[in-house]
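Let me begin by presenting the structure, written as structure tokens, before commenting on it.
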Amino acid sequence: MEVPLTWYLVLSGILFSIGAVGVLINRNALVIFMCIELMLNAVNLAFVTFSRQQNSMDGQIFVFFIMTVAAAEAVVGLAIIIALFRNKATINVDDINIMKW
Amino acid sequence: MEIVIPPFDLKSISPIMSISIAAIFILLIDVFFRRTFKDRLGYISFLVVIATGFVVYTQIGQNVYSFSNMFVVDNYSVFFNLIFLLSTALVILMSDNYIKQEGVNYGEYYTLILFATVGMMLMAGGADLLTIFLGIEMMSISLYVLAGFTRDKLRSNEASLKYFLLGAFVTGFMLYGIAMLYGATGTTNLKEIATFITENSGQLNPMIVVGASLLIIGFGFKIACVPFHKWSPDVYEGSPTPVTAFMSTGPKAAGFAVFLRVFLVALPDLEPKWSIILWVLAVITMTVGNLVAISQTNIKRMLAYSSIAHAGYALVAIIVGGEFGIASLLFYMLAYTFMNLGAFAIIIVLGKKGEENANIEDFSGLGYKHPLLAIAMCIFMFSLAGIPPLIGFIGKFYIFSAAIKSGFIVLAVIGMINSVISVYYYLRVTVVIYMKKPIREFSPLSLSPLIIVAIIFTICGTVYFGIFPSKIIAFAQQSAVLY
């Protein structure tokens, strides 16, 4: 039995929402970052599904670029978190609050 | 199976290539010849930027699509590239002394600035959502690092982390929007998306509407318009001052370049829908930016809110669209680059090591102690407030007259009321400079010949193009056609 393409899109939507909600409710910078990665992967799933649906390769090419960018973002993000941890010894985003309006 | 390699035109991306190669070489020079070239990396990158400016200048008048319609060179992208290079060159001049004084004189600083410039140029010339996405990410990732460049300072770390987490979060939304548009139209090319929508205008796919809204979120974050602006005051305050100056001019202009190109080239048929959304965004952006700026005590934070308000004025230009709207946006971005970089240069000069003199009260008595700097600061503040005959006035005048010509009278009136509100907090700086006694001794200025050149250049630009704007306006009007 073939799985209909809509199911993939629904799954991608669910994953994206889990990621977005996770970013909003988590307080740990690392977990927030993981949730962002989840969102990007949900986007990848959507791209691959659409690519299959449209019979064009553009979407799959796009996925490669997203993965590359996500890797670059991971490098920079973890470095930033480490730099902060060296100075403050916390990665709880509630404690990172010297600047407020 | 035969594989056909599509033709590519390296000439069209020659400015991008020259800056990328220079950036890589600067990194290598820093690794291998650090002792000899440590203090000269800034000069090298400055010369490269100027040389690239000439290359870009020769591209005026070309209308070329290259790399299988992924990239476009037209007068619009050339004008924006010149703005980016101007902003990069001035920021390099301002940084040289600052990063030595703060003890972060590493070669990667210039590399990152140059790579951010490459990203901005890709954004301005992107004719496909893929190129645009790559450009945005290239610029943003460089800026995340630059924001945290003084890595011993907690403020800088915090700015960097906030910028990074929110930026990556919003990237997710923007990508989902791109995926939606791709799913609905089967292409990521801007022109082809427009053709598809025109051909199937009978039944408008809701996915296109959702995709366009998600793109508004993504681009709105990059240009810091309300309600996607919460990152910008914190990031502007915490970042090293030259980086703040950079972020508020070049990348912001790049955000507008992309915003306008995507919405006017790919989604012109949806204009009645998105122009209402942008109308509301423009009004709340101007109003919130100006009202919150009034209560700020830190000058970098005040300029952050002022920059949000200016994004609101510039959004008016996108809503107006057409030749006048585009030309006024181009002119406004150039004007904003001159006056904002000038104001930040003065803040850098007054700062001393580890302490940035960033409170507005710290400027009190400046008029007696350093009269020339005080006059310069006043010129920039007057220009930002939009007082004639400076460049900021011409920019605002041009946008609002374009709005009135196209029938957006309410919008123009709201813009002007906001412009009047903004006079209050810009003039407060000049009042503090001239009418208050100094609350403490001024530390010796951190002047270097380079930053003096930058200040003189920005003053000349602000005053000269304010009095004789016709050449730039003519050039902006020539550039106002999206090829």
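The values are calculated or read from the model by the stated rules, or taken from the named source; none is laboratory data. Keep in mind that what you see is a predicted model, and the values were worked out from it rather than measured. In this analysis, Cβ positions are derived from the backbone assuming ideal geometry, glycine residues included, and neighbour counts consider all displayed protein chains.
Evaluate segment B:272-289: report whether one residue or more is touching a residue at least 24 places away in the same chain (Cβ under 8 Å), in contact with a Cys (Cβ under 8 Å, 6 or more places away or on another chain) and among the small types (G, A, S).
Scanning segment B:272-289 turns up at least one residue that is touching a residue at least 24 places away in the same chain (Cβ under 8 Å), in contact with a Cys (Cβ under 8 Å, 6 or more places away or on another chain) and among the small types (G, A, S).
Consider B:I132 against the criteria (1) surrounded by fewer than 24 Cβ atoms within 10 Å (Cβ to Cβ); (2) within 12 Å of chain A (Cβ to nearest Cβ): it satisfies all of them except one. Which criterion is unmet?
(1)
Tally time: how many residues in segment A:15-32 are closer than 17 Å to A:I96 by Cβ and more than 7 Å from chain B (Cβ to nearest Cβ)?
7
Taking only segment B:8-26 into account, find how many residues are surrounded by fewer than 19 Cβ atoms within 10 Å (Cβ to Cβ), touching a residue at least 24 places away in the same chain (Cβ under 8 Å) and among the hydrophobic types (A, V, I, L, M, F, W, C).
Number satisfying all stated conditions: 2.
Please list, ordered by residue number, the helices (runs of 4 or more DSSP H) wholly in segment B:159-244 having 1 or more residues that are under 22 Å from A:T68 (Cβ atoms) and either within 22 Å of the chain's Cα centre (by Cα) or at the interface with chain A (Cβ under 10 Å from one of its Cβ atoms) (or both).
Details: elements: B:190-199, B:206-222, B:231-238.
Ranges flagged: B:206-222.
Pick from B:A311, B:A327: which is more than 14 Å from every other protein chain (Cβ to nearest Cβ), in contact with a Cys (Cβ under 6 Å, 6 or more places away or on another chain) and not basic (K, R)?
Going through B:A311, B:A327 in turn, just one is more than 14 Å from every other protein chain (Cβ to nearest Cβ), in contact with a Cys (Cβ under 6 Å, 6 or more places away or on another chain) and not basic (K, R): B:A311.
Each row is one residue, and each column tells you yes or no for (1) without any contact (Cβ under 8 Å) to a residue 12 or more places away in the chain; (2) in a helix (DSSP H, G or I); (3) loosely packed, with under 15 Cβ neighbours inside 10 Å.
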| position | (1), (2), (3) |
| --- | --- |
| B:P388 | no, no, yes |
| B:F393 | no, yes, no |
| B:A403 | no, yes, no |
| B:G415 | no, yes, no |
| B:Y424 | no, yes, yes |
| B:V432 | no, yes, no |
| B:G461 | no, yes, no |
| B:I472 | no, yes, no |
| B:A480 | no, no, no |
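Go through segment A:82-93 and give me each residue that's facing another protein chain (nearest Cβ under 7 Å) and at pLDDT 90 or above.
Hits for segment A:82-93 are A:A83, A:L84, A:N87.
Counting only residues that are within 12 Å of B:E158 (Cα to Cα) and surrounded by fewer than 13 Cβ atoms within 10 Å (Cβ to Cβ), which one in segment A:87-96 is nearest to the chain's Cα centre (by Cα)?
A:N92
Tell me yes or no: at least one residue of segment B:68-85 is surrounded by fewer than 17 Cβ atoms within 10 Å (Cβ to Cβ), more than 21 Å from the chain's Cα centre (by Cα) and within 21 Å of B:F133 (Cβ to Cβ).
Scanning segment B:68-85 turns up at least one residue that is surrounded by fewer than 17 Cβ atoms within 10 Å (Cβ to Cβ), more than 21 Å from the chain's Cα centre (by Cα) and within 21 Å of B:F133 (Cβ to Cβ).
Return yes or no: is A:E73 of a type in the set (D, E, K, R) and more than 24 Å from B:R155 (Cβ to Cβ)?
When the stated conditions are applied, A:E73 does not pass them.
Within segment A:45-74, how many residues are more than 7 Å from chain B (Cβ to nearest Cβ), among the β-branched types (V, I, T) and buried (at least 16 other Cβ atoms within 10 Å of the Cβ)?
3
Specify the residue that is modelled with the lowest pLDDT; the eligible residues are those in segment B:446-468 that are over 14 Å from B:S383 (Cα atoms) and of a type outside the set (A, V, I, L, M).
By that ranking, first place goes to B:S446.
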